[in-house]
1. Just to be sure, is GLY384 open to solvent by less than 70 Å² (accessible area, probe 1.4 Å) and either part of a strand (DSSP E or B) or closer than 30 Å to LYS328 by Cα (or both)?
2. From the list ARG296, ARG358, which residue is under 29 Å from HIS393 (Cβ atoms) and touching a helix residue (DSSP H, G or I) at 6+ places or on another chain (Cβ under 9 Å)?
3. Scan the range 377-384 and give yes if some residue there is touching a residue at least 60 places away in the same chain (Cβ under 8 Å) and on the phi > 0 side of the Ramachandran plot, otherwise no.
4. State yes or no: is THR532 among the hydroxyl-bearing types (Ser, Thr, Tyr), at pLDDT 95 or above and out of contact with any Lys or Arg (no Cβ under 8 Å at 6 or more places or on another chain)?
5. State all residues of the range 444-470 that are within 8 Å of ligand 1 (Cβ to nearest atom), of a type in the set (A, V, I, L, M) and not in a helix (DSSP H, G or I); if no residue qualifies, say none.
6. Within the range 267-278, can one find any residue that is open to solvent by less than 30 Å² (accessible area, probe 1.4 Å) and assigned to a loop (DSSP other than H, G, I, E, B)?
7. If a residue counts only when it is touching a helix residue (DSSP H, G or I) at 6+ places or on another chain (Cβ under 9 Å) and away from ligand 2 (no atom under 16 Å from the Cβ), which helices (runs of 4 or more DSSP H) contained entirely in the range 504-611 have at least 2 such residues?
8. Could you go through the range 469-481 and let me know if any residue there is in contact (Cβ under 8 Å) with a residue 24 or more places away in the chain, aliphatic (A, V, I, L, M) and under 13 Å from ALA445 (Cβ atoms).
Amino acid sequence: MANQGHESEMKKQIKWLALIYLAAVGALLFLEVAHFKEMRKVSSQIGESYDLISSRDEGLRLEVEYRRFQYKVASYVRGQGEVSHADVLTWFDIFWSRAHSIATENSIPDGMDAKQATILFADMREALKQVDPLVQNLRRGDEEALSAIQKGLEAFDGRVTELAVAIAQTRVEEAASLQDNLDLALQGIDTLLITSTAGGVLILTLFGVEAFRARRAERKIKIREARVRFLAEHDSLTRLGNRAYLNIKMKEFIKEAKAQDESFHLLLLDLDKFKDVNDTFGHPTGDQLLKNAARRLSGIFRSDDIVARLGGDEFAILIKADMLDIEKVVSRVIAALSSSFVINGHEIHISTSVGVSRYPDLSDTADDLMRDADLALYAAKNAGRNTWALYKHSMSVEIKHRMGLEADLRNALNSETGGLEVYYQPQVLFTENKNEALSVVGVEALVRWFHPEHGAIPPMDFIDIAESTGIIDELSSWVTRQACEDVVLWHKAGFDISLAVNLSPHQLNNRYLPDEIFQVLRDTGMAADKLTLEITESAAVQNTQTAVEMLDILNKRGISLAMDDFGTGYSNLGYLKSLPLDCLKIDRSFVTHIETNEEDRKLVRGIVNLARGMGLKVVAEGVETEHQVEFLRSLHCDVGQGYLFGRPMNKLKLVAMLERERAQANLWNELNDNEDVPYREATFHDDELSS
Ligand code: C2E
Ligand code: MG
Ligand code: MG
């Protein structure tokens, strides 16, 4: 874009320059043509002046030649000097021809009128004709002939002088006017020279100004281009290089490392749970945190290392540290970002996961470096965050599979055909009366994923992925909404059952959780007192105080809370007491061995007593045998859940089971006798997904 703009700007400039140049050349040409005429005039005047100079002394010569002739004639007759008769004849001819040429060329002097001149010339001719035979036949010593000749010419003596003076005068005047003309012409040449010089100077000046303007415009464009390039290669928030910049630098690093047989590392950083900072403190605080984090990172590295921000909470670093140093470098990075940030009065703690790739032995192109550091980052995050991992070839297969699943799971959440489905596992009420049929009082919603390619994927596998990538929020709210919709339908069909849904520890860090759940209740028409949220004892809950507050809000609105998998976590009694619990779910692992293991029996008894003491309901998970039922019943355990009563099943099968149970209950009421109807007949087995 910038280049195209530059080009069109340049084209415009060149057009303008050409136009100005043509105009200047045109003006100069006009001046030159005007003065060219002047030049021709000058050249003709120079010719004229030459002619004039050569004819200026015509009159003088006539006189001189006349006097010389007379002298030669006299000298010849009197024998003075070496004058011969031939010389006399020659001088006579010269004089005559001069007179003749003046007469025939009609060079009449200005002061003489034509008539006067004609008479003068005719008289001269006549006199010469008369004198001619005397001259031809002249002899040495012939004084008589000499005086006849002198007499013959006497009358014109004065006239020749007069003519000569008149001719000379005319020529002088002509010469003067010619001189004036020449002066004028020379002035013209001066003007021509001045205008040419002025034109030249004008063109040069115009060119100079234009060149200056063009240079200034180019400088401006260069500055603008540099700015555009800076913006294109840098992140506006932190002023660090961006992804494009990193790619350029990575190629340079590779070239240099190749030439010098060296290696370098690429670090990819991801701030753990940065989204929570944005959600909790708002985006301006999040932005400030990123700026501060960028400053801390830049502070650690040398100027020839590259620190870039790839977007969001992702940073990248190119560094020439060798293999031994890299561990120290990464530790410094993690330490730098884990000390608290104080922003707008809030003290904020974050942690960082780092993935590291290395050129050339582990990854040998820019793309590979990026991909491998990303795989390593993924591995670091899975290993529990706030840690780092160096890329290993073995990571590829495992992580790519996980990454593939992650992408598929996101797609599945947004499509009908992604294979996600909610299954329901029945929960039955243990009655006092041993002979009474056990009835389904609730269901636990358990998500299932029938992957279009990989088939059924165990929840533990993909829930783990959903948790580590943050998809769990969306997944759980999808499950809750689906389950509420189904249960509301069953309520309408007369099945008064409660619904338990699992909350992930991750969700307890989401301060909008209560609002989201209330929204689902409003949208689906689900009664709050029919909903139980199952939470686990987890160290992953970051801010227990906030979590407790949220659970309180939910509980006050009638939603029940159950502690899932009780006995496997690390909760102390104080923590348990701080939670607004309604129910404990004894973990399957204790129930499984109550028939054989005395210790487990004691433990289960203890848990039930504890629950009783705290006024909580007890649900036993993983009930698979009648003996287990008997034992749990003897402890006055309230509810049982397990394969014995039904595996998790799809909603159609659950409805069928509820219908069948209702029919049997009706039959039971009708018979109204003491017949022992075993609860097993009220169960429905679904073996689609054996865990
Ligand atoms: P959980 O909440 O403790 O769920 C009970 C698990 O025990 C279920 O496994 C269920 O199929 C299994 N189970 C029930 N009765 C028996 C039995 O008699 N014998 C045996 N061997 N197993 C039994 P599932 O469905 O594989 O789920 C595993 C875990 O995945 C759940 O444990 C829960 O923590 C999580 N989970 C499942 N669905 C969701 C969900 O929608 N959201 C969340 N956040 N977590 C879920
Ligand atoms: Mg559960
Ligand atoms: Mg459980």
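The values are calculated or read from the model by the stated rules, or taken from the named source; none is laboratory data. Note that the structure is predicted; figures quoted are calculated from it, not measured. All Cβ positions, even for glycine, are placed from backbone atoms using ideal geometry, and neighbour counts span all protein chains on display. Quick note on the areas: whole protein, heavy atoms, side chains included, nothing else; ligands and nucleic acids left out. Shrake-Rupley method; radii C 1.70, N 1.55, O 1.52, S 1.80 Å.
1. yes
2. Result of the check over ARG296, ARG358: ARG358.
3. Looking for residues that are touching a residue at least 60 places away in the same chain (Cβ under 8 Å) and on the phi > 0 side of the Ramachandran plot, one finds none in the range 377-384, hence no.
4. Criteria met by THR532.
5. ALA445, LEU446, VAL447
6. Checked against the condition, which is being open to solvent by less than 30 Å² (accessible area, probe 1.4 Å) and assigned to a loop (DSSP other than H, G, I, E, B), the range 267-278 yields no hits at all.
7. Correct list: 513-524, 544-556, 573-578.
8. yes
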